[in-house]
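Only one structure is covered here, and it is reproduced in the block below.
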Amino acid sequence: EYDVYGHDEL
Amino acid sequence: MNIFRLSGDVCHLVAIIILFLKIWRSKSCAGISGKSQLLFALVFTTRYLDLFTAFISIYNTVMKVVFLVLAYATVSLIYFRFRKSYDSESDSFRVEFLLVPVAGLSFLENYSFTPLEILWTFSIYLESVAILPQLFMITKTGEAESITTHYLFFLGLYRTLYLANWVWRYHEEGFFDQIAVVSGVVQTIFYCDFFYLYFTRVLRGSGKMTLP
């Protein structure tokens, strides 16, 4: 699931 | 969060701290590519703009801020505080050869054509090649201090562990970030030659890593 409003990885 | 990602992040943090302390304690940035460090600062800046738009976790926020602060602190040590020790003649990699294609590619291949997403994509592509000025500098001078090689080792290990993280996440969560994975593979490939030299020369020998 891709979230364009934030990336959870660094 | 899984063990690969956590240990990857820790390796990344260790790498950045090693470099910062090396410069701080020796009061010299000899053998360090200021251009690579500038590129990494640019990578963090363009990637972590979502600090202002999305909250993911306290861990995520804290790590992003720490990386940003350390990246700019390192750049300022190289270009201001210990500028006299900066070897700009050996740091002669043409960064425009990286920046222009990376910027172009991030406009062409991204998840969403919005400013923040394009900048995030730019940061992922740029990170995969940002170490090249440093590797170029080592090739040019033919040697690297062992502390510099430890820095590079942890920096290379970080993205390698992220590869394991992505395999894990694909199996466990069905999560697959194509842009990050492809760039991460490219990034890791750049370190393979270095890893070989690190294990065969630095860990078995002592002192500097010299190239044949």
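Out of the residues in segment B:31-87 that are charged (D, E, K, R) and under 20 Å from residue B:124 (Cβ atoms), which is nearest to the other protein chains (Cβ to nearest Cβ)?
B:50
Evaluate the following for residue B:56: is it more than 17 Å from residue A:9 (Cα to Cα), out of contact with any Phe, Trp or Tyr (no Cβ under 6 Å at 6 or more places or on another chain) and aliphatic (A, V, I, L, M)?
no
Just one of B:67, B:40, B:4 is in contact with a helix residue (DSSP H, G or I) (Cβ under 9 Å, 6 or more places away or on another chain), surrounded by fewer than 20 Cβ atoms within 10 Å (Cβ to Cβ), within 23 Å of residue B:166 (Cβ to Cβ) and at pLDDT 95 or above; which is it?
Going through B:67, B:40, B:4 in turn, just one is in contact with a helix residue (DSSP H, G or I) (Cβ under 9 Å, 6 or more places away or on another chain), surrounded by fewer than 20 Cβ atoms within 10 Å (Cβ to Cβ), within 23 Å of residue B:166 (Cβ to Cβ) and at pLDDT 95 or above: B:4.
Would you pick out the residues in segment B:116-138 that are of a type outside the set (A, V, I, L, M), surrounded by fewer than 20 Cβ atoms within 10 Å (Cβ to Cβ) and at pLDDT 95 or above?
Residues of segment B:116-138 that are of a type outside the set (A, V, I, L, M), as a first pass: B:117, B:120-123, B:125, B:127-128, B:133-134, B:136.
Now restrict to residues that are surrounded by fewer than 20 Cβ atoms within 10 Å (Cβ to Cβ): B:117, B:136.
Across segment B:116-138, the qualifying residue is only B:136.
Inside segment B:153-169, can you point out the residues that are away from every other protein chain (no Cβ under 13 Å) and aromatic (Phe, Trp, Tyr)?
Hits for segment B:153-169 are B:153, B:154.
Evaluate the following for residue B:28: is it touching a helix residue (DSSP H, G or I) at 6+ places or on another chain (Cβ under 9 Å) and either touching a residue at least 40 places away in the same chain (Cβ under 8 Å) or of a type in the set (Ser, Thr, Tyr) (or both)?
Numbers: touching a helix residue (DSSP H, G or I) at 6+ places or on another chain (Cβ under 9 Å): yes; either touching a residue at least 40 places away in the same chain (Cβ under 8 Å) or of a type in the set (Ser, Thr, Tyr) (or both): yes.
Against the criterion (touching a helix residue (DSSP H, G or I) at 6+ places or on another chain (Cβ under 9 Å) and either touching a residue at least 40 places away in the same chain (Cβ under 8 Å) or of a type in the set (Ser, Thr, Tyr) (or both)), residue B:28 qualifies.
Give segment B:48-88 a look and list any residue that's touching an Asp or Glu at 6+ places or on another chain (Cβ under 8 Å) and in contact (Cβ under 8 Å) with a residue 40 or more places away in the chain, or say none.
B:63
The values are calculated or read from the model by the stated rules, or taken from the named source; none is laboratory data. No experiment lies behind these values; they were computed from the predicted model shown. Heads up, the Cβs are rebuilt from the backbone with ideal geometry, glycines too, and the neighbour counts pull from every protein chain shown.
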